[in-house]
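Student: Below is one structure. I have some questions about it.
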Amino acid sequence: MSFIEVGDLRLHFQQWGPPDAAESVVLVHGLGSSSHIWDLVGPSLGAHGFRVVAHDQRGHGQSDQPDQGYDFGLVLADLVGLVDAIGVNSPALFVGHSWGASVVLHFAVAHPDRCAGICLVDGGTASPGERWSWEETERRLRPPDIDGMRWADLHQRMSRNNGAFADPRAEAVGRSLFHVDAEGRVTRRFRISNHMQVVRAMWEQRPSELLPRVTAPLLIMPTRQASDAPEMLANKSAGVQRALELQPAARVRWFEDTVHDVPLQRPDEVAAELLAFARQVLLKTPAPP
């Protein structure tokens, strides 16, 4: 287990592949998640010679949990501090999932010289503030209070609502999101009050103002399935289409019949897409047709 001090925070991070490799891939998890969502993807990339890094963002996983500071400015400062401290000096490929995609989008605009390419995995192309009031966003996106539930019951619910967690390989990832006491009862690692600070930052952001300023190669990997709510799917599709209009050279790879947590449900396919993109932007291998 590895930790690094960044400012007044202690951040937990994982690495795969050669630690001294010149070409790096930085994986950024989403809201309420942790670096472990990449556990089934990172080793595949590392096995091909890339240095792969994934950290627990502030408040998440094994990292410190401050009560404030979940705006994009401070979250970006954490990411900069991390890559500086562990020596990711060359331009790297930055990959973000969900809220992590928004973090990576902001990072690419603020630090274009550090980005060889960016990948937005089912996120980063739309904001709840573009379609809902803050009150409606709070109502829709406030997570349920599950503290005190038994892990067995919660895991059953997670598996029912999100097919990715039904995979035995993903159960440990799901469990890592909670403290589980001796009686098997859970407490969230990422407190709801902090969760809603992130939601507010996402509500306030406007990807349409950021995307035109991205200079790095861009890969967008959204997901969809037949059970998605029509409104959600329409908003997602519109966001992806707008991203293509603002970044005509971007490539989109839709994951069909796939839940939001695609790194858990389809890790081999995600790793294959990222490997091809990493070779393109880091090793200058020609892009696939």
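Student: Residues of the stretch 269-289 being among the charged types (D, E, K, R), over 17 Å from the mean Cα position of the chain (by Cα) and either within 19 Å of residue 105 (Cα to Cα) or at pLDDT below 95 (or both), which ones?
Tutor: Of everything in the stretch 269-289, just one residue is among the charged types (D, E, K, R), over 17 Å from the mean Cα position of the chain (by Cα) and either within 19 Å of residue 105 (Cα to Cα) or at pLDDT below 95 (or both), namely 284.
Student: Regarding the stretch 185-196, can at least one residue be identified that is in a helix (DSSP H, G or I), surrounded by 14 or more Cβ atoms within 10 Å (Cβ to Cβ), without any contact (Cβ under 8 Å) to a residue 60 or more places away in the chain and charged (D, E, K, R)?
Tutor: For the stretch 185-196, residues in a helix (DSSP H, G or I), surrounded by 14 or more Cβ atoms within 10 Å (Cβ to Cβ), without any contact (Cβ under 8 Å) to a residue 60 or more places away in the chain and charged (D, E, K, R): absent.
Student: Quick one: in the stretch 210-236, of everything that is part of a helix (DSSP H, G or I) and free of Cβ contacts under 8 Å to residues at least 12 places away in the same chain, which residue is surrounded by the fewest Cβ atoms within 10 Å (Cβ to Cβ)?
Tutor: 230
Student: Among the residues of the stretch 149-165, is any in contact with a helix residue (DSSP H, G or I) (Cβ under 6 Å, 6 or more places away or on another chain), within 21 Å of residue 32 (Cβ to Cβ) and surrounded by fewer than 17 Cβ atoms within 10 Å (Cβ to Cβ)?
Tutor: Yes, the stretch 149-165 contains at least one residue that is in contact with a helix residue (DSSP H, G or I) (Cβ under 6 Å, 6 or more places away or on another chain), within 21 Å of residue 32 (Cβ to Cβ) and surrounded by fewer than 17 Cβ atoms within 10 Å (Cβ to Cβ).
Student: So for the stretch 246-268 (the condition being modelled with pLDDT under 95, over 22 Å from residue 27 (Cα atoms), charged (D, E, K, R) and surrounded by 14 or more Cβ atoms within 10 Å (Cβ to Cβ)), does at least one residue qualify?
Tutor: Looking through the stretch 246-268, none of the residues is modelled with pLDDT under 95, over 22 Å from residue 27 (Cα atoms), charged (D, E, K, R) and surrounded by 14 or more Cβ atoms within 10 Å (Cβ to Cβ).
Student: Additional query: I'm trying to understand the selection: among the residues of the stretch 164-179, which are more than 17 Å from residue 56 (Cα to Cα) and out of contact with any Leu (no Cβ under 9 Å at 6 or more places or on another chain)?
Tutor: 166, 168, 171
Yes or no, residue by residue, for (1) assigned to a loop (DSSP other than H, G, I, E, B); (2) surrounded by fewer than 24 Cβ atoms within 10 Å (Cβ to Cβ); (3) of a type in the set (Val, Ile, Thr):
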| position | (1), (2), (3) |
| --- | --- |
| 62 | yes, yes, no |
| 67 | yes, yes, no |
| 75 | no, yes, yes |
| 78 | no, yes, no |
| 90 | yes, yes, no |
| 93 | no, no, no |
| 106 | no, yes, no |
| 109 | no, yes, yes |
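Student: Somewhere in the stretch 241-257, is a residue aromatic (Phe, Trp, Tyr), in a loop (DSSP other than H, G, I, E, B) and either under 18 Å from residue 108 (Cα atoms) or in contact (Cβ under 8 Å) with a residue 12 or more places away in the chain (or both)? Can you show your working first?
Tutor: Taking the stretch 241-257 first, the residues aromatic (Phe, Trp, Tyr) are 254-255.
When the remaining residues are screened for being in a loop (DSSP other than H, G, I, E, B), the result is 254.
Adding the requirement that they be either under 18 Å from residue 108 (Cα atoms) or in contact (Cβ under 8 Å) with a residue 12 or more places away in the chain (or both) leaves 254.
Yes.
Student: Mind listing just one residue for me: the one in the stretch 153-184 that is part of a loop (DSSP other than H, G, I, E, B) and under 19 Å from the mean Cα position of the chain (by Cα) and, of those, modelled with the highest pLDDT? Break it down into steps so the answer makes sense when it comes.
Tutor: Filtering the stretch 153-184 down to residues part of a loop (DSSP other than H, G, I, E, B) leaves 162, 167, 176-177, 181-184.
Retained after the next criterion (residues that are under 19 Å from the mean Cα position of the chain (by Cα)): 162, 176-177.
Details: 162: 69, 176: 82, 177: 85.
Going through the qualifying residues, I end up with 177.
Student: Anything in the stretch 33-65 that is within 10 Å of the chain's Cα centre (by Cα) and more than 20 Å from residue 8 (Cβ to Cβ)? List them, or say none.
Tutor: 33, 34, 35, 37, 38, 54 - these are the residues of the stretch 33-65 that are within 10 Å of the chain's Cα centre (by Cα) and more than 20 Å from residue 8 (Cβ to Cβ).
Student: Scan the stretch 28-55 for residues that are part of a loop (DSSP other than H, G, I, E, B) and either in contact (Cβ under 8 Å) with a residue 60 or more places away in the chain or buried (at least 24 other Cβ atoms within 10 Å of the Cβ) (or both) and jot them down.
Tutor: Across the stretch 28-55, the qualifying residues are 29, 30, 31, 32, 33, 34, 39, 40, 41, 48, 50.
The values are calculated or read from the model by the stated rules, or taken from the named source; none is laboratory data. Keep in mind that what you see is a predicted model, and the values were worked out from it rather than measured. Because the Cβ atoms are built from the backbone with ideal geometry, glycine has one as well, and the counts that use them run over all protein chains shown.
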